[in-house]
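The values are calculated or read from the model by the stated rules, or taken from the named source; none is laboratory data. Source: prediction; values computed, not measured. FYI the Cβ positions are ideal-geometry reconstructions off the backbone, even for glycines, and counts take in every protein chain you see. When the accessible area is computed, the model is the full protein with side chains, heavy atoms only, and any ligands, DNA or RNA have been set aside. Shrake-Rupley method; radii C 1.70, N 1.55, O 1.52, S 1.80 Å.
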Amino acid sequence: MNLSVVDLSPVPDDGTAIDAYANTVDAAQQAERLGYSRFWVAEHHGMAETLAGTTPEVLLGHLAAETDSIRLGSGAVLLNHYSPFKVAELFGTLDGLAPGRIDAGLGRANGSPAADRALGTDRYVQNPDEDHAEKIEAVVSHLYDEYPPEHAYSDLEIPRSGDETPIPWTLGSSPSSAAVAGELGLRYCFAAFIRPQFAEYAFEDYREAFEPSALGGGVDEPEGMIAVNVVCAETDEEAARLRAVAEASYKRMERGVVGTTPSVEEAIDELGSVPEPTPATLDDDEWPRAISGSPETLASLLDQLADRVDVDEVMIQHVVGNHEDALRSHELLADGVGLTPR
């Protein structure tokens, strides 16, 4: 199995964006050493006191200078906020900074009404799936210089390295995003840490809608990845204790408190107890929003979840109390799955 990481650049307690970005660089360099396949950074708006990952294109430029071989990408650039041509220019520039190792992760999401208004985003699009598909296709057409000679954009050029063009991925957390990815013939990554109950349905829709792509960067057969909230520790019990942070954070979000991360002790207090360890074997209809365990337990669990949606790569997302726990979790996971260090 291949493992990758998506990082949200959380701001530590009593810290600033300086600390958050330093931790993201630290995590990317560790992921490269441990043999992770790719390292993506996220885009969230209006929560910068707790999540500093607002502009993946800027952070990726810095990561390009701080790493040597790991693939770098966005998880995701939110296309509903931007011009496709501008997004293509961003990824072309990144390709010039890290030739042959850029992933263009393309998604969509609305934030708060105030954040969307400040970004100039229309929250009410008549045909959102059609609009999203058109924007993805436009980004790819710019990246791969595929507009026909008679098209108004055919003479527009973007920066490029001359090596491998950035590889496009469609990202989402719903069957509708999966269908868009399938119809365009692009790679698809599903965010199971957002809506795990739709994971299997989404990949069914992806494969049912799939058509070999005429777009540059497309694929001839379905190719997917599943993103899962995971925390690893030496024992199942200790990992469950660390998972309390994710469980409490999700409950906060249900109450409308978004973007905050409690400490382990605060999380256990809010939950009323330490969560039970994730069982080593999940029921067929069970797909937790967050899982935890020892390296051995998680190697088995990740295999189970990947097999359900027929993918061979899992992207690790986590909500943990501190940076040291996150790094240790990645280290133990790499060992449990058997990644080959670089």
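Going through segment 1-50 one residue at a time, which ones are of a type outside the set (A, V, I, L, M), farther than 18 Å from A334 by Cβ and in a strand (DSSP E or B)?
Passing the criteria: only P10.
Please list, ordered by residue number, the helices (runs of 4 or more DSSP H) wholly in segment 100-186 having 3 or more residues that are buried (at least 21 other Cβ atoms within 10 Å of the Cβ) and under 18 Å from the mean Cα position of the chain (by Cα). Before the answer, list the steps.
Numbers: elements: 113-119, 128-143, 175-184.
By residue number, 175-184.
How about segment 296-305: which of its residues are open to solvent by 10 Å² or more (accessible area, probe 1.4 Å), touching a residue at least 24 places away in the same chain (Cβ under 8 Å) and more than 9 Å from A239 (Cβ to Cβ)?
E296, A299, D303
Take E247 and tell me if it is under 27 Å from Y201 (Cα atoms), surrounded by 16 or more Cβ atoms within 10 Å (Cβ to Cβ) and free of Cβ contacts under 8 Å to residues at least 60 places away in the same chain.
Working: under 27 Å from Y201 (Cα atoms): yes; surrounded by 16 or more Cβ atoms within 10 Å (Cβ to Cβ): yes; free of Cβ contacts under 8 Å to residues at least 60 places away in the same chain: yes.
Yes; evaluated as a whole, the condition is true for this residue.
Among all residue pairs at least 6 apart or on different chains, which show Cβ distances below 9 Å where the first residue, located in segment 1-19, is in contact (Cβ under 8 Å) with a residue 12 or more places away in the chain and open to solvent by 60 Å² or more (accessible area, probe 1.4 Å) and the second is assigned to a strand (DSSP E or B) and of a type in the set (K, R)?
Note: pairs meeting the criteria are N2/R38.
Quick one: in segment 190-232, of everything that is modelled with pLDDT of 95 or more and over 22 Å from the mean Cα position of the chain (by Cα), which residue is surrounded by the most Cβ atoms within 10 Å (Cβ to Cβ)?
Within segment 190-232, the match that is surrounded by the most Cβ atoms within 10 Å (Cβ to Cβ) is A209.
Tell me, which residue of segment 251-292 that is within 20 Å of D13 (Cα to Cα) and among the β-branched types (V, I, T) is most open to solvent (accessible area, probe 1.4 Å)?
Out of the qualifying residues, it is V258.
Does V41 satisfy the condition of being in contact with a helix residue (DSSP H, G or I) (Cβ under 7 Å, 6 or more places away or on another chain), closer than 30 Å to S154 by Cα, β-branched (V, I, T) and crowded, with 20+ Cβ neighbours inside 10 Å?
Values: in contact with a helix residue (DSSP H, G or I) (Cβ under 7 Å, 6 or more places away or on another chain): yes; closer than 30 Å to S154 by Cα: no; β-branched (V, I, T): yes; crowded, with 20+ Cβ neighbours inside 10 Å: yes.
For V41, the condition - in contact with a helix residue (DSSP H, G or I) (Cβ under 7 Å, 6 or more places away or on another chain), closer than 30 Å to S154 by Cα, β-branched (V, I, T) and crowded, with 20+ Cβ neighbours inside 10 Å - is not met.
What do you reckon, is Y124 among the hydroxyl-bearing types (S, T, Y) and touching a residue at least 12 places away in the same chain (Cβ under 8 Å)? Spell out the reasoning first.
Values: among the hydroxyl-bearing types (S, T, Y): yes; touching a residue at least 12 places away in the same chain (Cβ under 8 Å): no.
Criteria not met by Y124.
Within segment 20-37, how many residues are in contact (Cβ under 8 Å) with a residue 60 or more places away in the chain and of a type in the set (A, V, I, L, M, F, W, C)? If you could, list the steps in order and put the result at the bottom.
If we filter segment 20-37 for residues that are in contact (Cβ under 8 Å) with a residue 60 or more places away in the chain, which is where we start, we get 23, 26-27, 30-37.
Now drop any that are not of a type in the set (A, V, I, L, M, F, W, C), which leaves 27, 31, 34.
Number satisfying all stated conditions: 3.
Is segment 228-249 home to any residue that is of a type outside the set (A, V, I, L, M, F, W, C) and closer than 23 Å to V309 by Cα?
Taking segment 228-249 first, the residues of a type outside the set (A, V, I, L, M, F, W, C) are 229, 234-238, 241, 243, 247, 249.
Retained after the next criterion (residues that are closer than 23 Å to V309 by Cα): 229.
For segment 228-249, residues of a type outside the set (A, V, I, L, M, F, W, C) and closer than 23 Å to V309 by Cα: present.
Which numbered condition in (1) assigned to a loop (DSSP other than H, G, I, E, B); (2) under 25 Å from E200 (Cα atoms); (3) open to solvent by less than 60 Å² (accessible area, probe 1.4 Å) is the only one that R308 fails?
(1)
Looking at segment 75-90, can you tell me whether even one residue there is hydrophobic (A, V, I, L, M, F, W, C), in contact with a Pro (Cβ under 7 Å, 6 or more places away or on another chain) and open to solvent by less than 10 Å² (accessible area, probe 1.4 Å)?
Yes, there is a match, as at least one residue in segment 75-90 is hydrophobic (A, V, I, L, M, F, W, C), in contact with a Pro (Cβ under 7 Å, 6 or more places away or on another chain) and open to solvent by less than 10 Å² (accessible area, probe 1.4 Å).
Out of curiosity, is S273 more than 30 Å from L186 (Cβ to Cβ) and either in contact with a helix residue (DSSP H, G or I) (Cβ under 8 Å, 6 or more places away or on another chain) or aliphatic (A, V, I, L, M) (or both)? So that I can check it myself, show each step before the final result.
Numbers: more than 30 Å from L186 (Cβ to Cβ): yes; either in contact with a helix residue (DSSP H, G or I) (Cβ under 8 Å, 6 or more places away or on another chain) or aliphatic (A, V, I, L, M) (or both): no.
No.
Residues D13, D19, D26, D68: which one is at pLDDT below 95 and out of contact with any strand residue (DSSP E or B) (no Cβ under 8 Å at 6 or more places or on another chain)?
D13 is the lone residue from the list that is at pLDDT below 95 and out of contact with any strand residue (DSSP E or B) (no Cβ under 8 Å at 6 or more places or on another chain).
Are there any pairs, at least 6 apart or on different chains, whose C-beta atoms fall under 7 Å, with the first in segment 38-55 and among the polar types (S, T, N, Q) and the second outside any loop (DSSP other than H, G, I, E, B) and open to solvent by 10 Å² or more (accessible area, probe 1.4 Å), and if so, which?
Once the first residue is among the polar types (S, T, N, Q) and sits in segment 38-55, its partners that are outside any loop (DSSP other than H, G, I, E, B) and open to solvent by 10 Å² or more (accessible area, probe 1.4 Å) give T50/P10.
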